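Structure first, commentary second.
The values are calculated or read from the model by the stated rules, or taken from the named source; none is laboratory data. Note that the structure is a prediction, hence the values are computed from the model and not measured. Neighbour counts are summed over all protein chains in view; Cβ atoms, including those assigned to glycine, are modelled from backbone coordinates with ideal geometry.
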Amino acid sequence: MHVDTRVYSRQQLVEMHGTAQFRRLVAAGALTPVRRGWYAGPDATPRVVEAVRAGGALSCVSALAVRGLWMPPGYSDRVHLRASKHLSTHRSCRLPGGVQPVTSAIDSLGDALACASLCMTDEDWVIVVDSALNKHTLTIPRLQEQMGVVSARMRRLMARCDGRSQSGTESAVRFRLQSRRVVVEVQPDVPTVGRVDLRVGRILIECDSVEHHTGIETYQKDRNRDRAAVLRGEATWRVTYKDVFVDWATAGRDLFGLIAADRHRDRRQKRPA
């Protein structure tokens, strides 16, 4: 889970290179001062440099994005940083357990998630926790250990997280269905169809992305799976990123309309075993 942003404290650089070599690197211009006691190397991550220059460490949603987690829309408007007590800023994010020292240019995964719990909506935080669990193959107890103080709200939301989720769109749809008390199967393996994102009764929900659902071969494979579902008496309901995060008023109305009409229920007669 280590990510090298090429921004270091003087202490880190001395531990890495020794005092003499550190001074030579600074004199040669290989290390650029960012603020007192902090330096940026070549190809330093711009947002990390900005956070350190402002008096803190990159944290919260900004650190999660740099760490490669799936981010919901609406959180890239500003740099989120966490400042130590003697470098507090009016726009600083904070940890649920109070002010902690800043010893690295970017917060750990656990600290960044803890900070983000205070900046994100319930749904959006569940999405990024899902992404962390999936990307780093972590368990919820292990992740909670890394987060330090875990509030009652965080525990409640983490009970709704699922590391099997393959994308933020899938997490969002699952969260919205469960919020309406709809029973959802996550990543079920459907005979003759294969693994699908979500299942509600006889409705197989696929959350399509441009990255994974483009190209002639993938297009054909998806259609083959859809036909296999129909032959089983089931239906595939496909949604895109835009459906979920831009036009959910329409897409959600359609899906919940099907469920309200009981069209998701399997009324096929069960054959004797």
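Residue 3 satisfies every condition listed in (1) crowded, with 18+ Cβ neighbours inside 10 Å; (2) under 22 Å from the mean Cα position of the chain (by Cα); (3) modelled with pLDDT under 95 except (1).
Select from segment 155-197 the residues that are assigned to a loop (DSSP other than H, G, I, E, B), on the phi > 0 side of the Ramachandran plot and of a type outside the set (S, T, N, Q) and list them in ascending order. Scanning segment 155-197 gives a single hit, 181. Could you please find all residues in segment 8-60 being small (Gly, Ala, Ser), under 32 Å from the mean Cα position of the chain (by Cα) and assigned to a helix (DSSP H, G or I)? 51, the sole residue that qualifies.
Quick check on segment 54-66. Is at least one of its residues of a type outside the set (A, V, I, L, M, F, W, C) and modelled with pLDDT of 95 or more? There is at least one residue in segment 54-66 that is of a type outside the set (A, V, I, L, M, F, W, C) and modelled with pLDDT of 95 or more. Of all the criteria given as (1) of a type in the set (Ser, Thr, Tyr); (2) more than 29 Å from residue 166 (Cβ to Cβ); (3) at pLDDT below 95, the one not satisfied by residue 76 is (2).
Filtered by the rule that a residue be touching a Pro at 6+ places or on another chain (Cβ under 6 Å) and surrounded by fewer than 18 Cβ atoms within 10 Å (Cβ to Cβ), segment 112-155 gives 149, 151. From the list 124, 111, 130, the lone residue that is at pLDDT 95 or above, assigned to a helix (DSSP H, G or I) and out of contact with any helix residue (DSSP H, G or I) (no Cβ under 8 Å at 6 or more places or on another chain) is 124.
Can you tell me which residue in segment 93-107 is surrounded by the fewest Cβ atoms within 10 Å (Cβ to Cβ), limited to those that are within 22 Å of residue 12 (Cα to Cα) and at pLDDT below 90?
Across segment 93-107, the extreme among qualifying residues is 101.
On the basis of being of a type outside the set (S, T, N, Q) and out of contact with any Lys or Arg (no Cβ under 6 Å at 6 or more places or on another chain), does residue 44 make the cut? Spelling it out, it is not the case that residue 44 is of a type outside the set (S, T, N, Q) and out of contact with any Lys or Arg (no Cβ under 6 Å at 6 or more places or on another chain).
When residue 5 is tested against (1) within 23 Å of residue 127 (Cβ to Cβ); (2) assigned to a loop (DSSP other than H, G, I, E, B); (3) touching a residue at least 60 places away in the same chain (Cβ under 8 Å), only condition (1) is not met.
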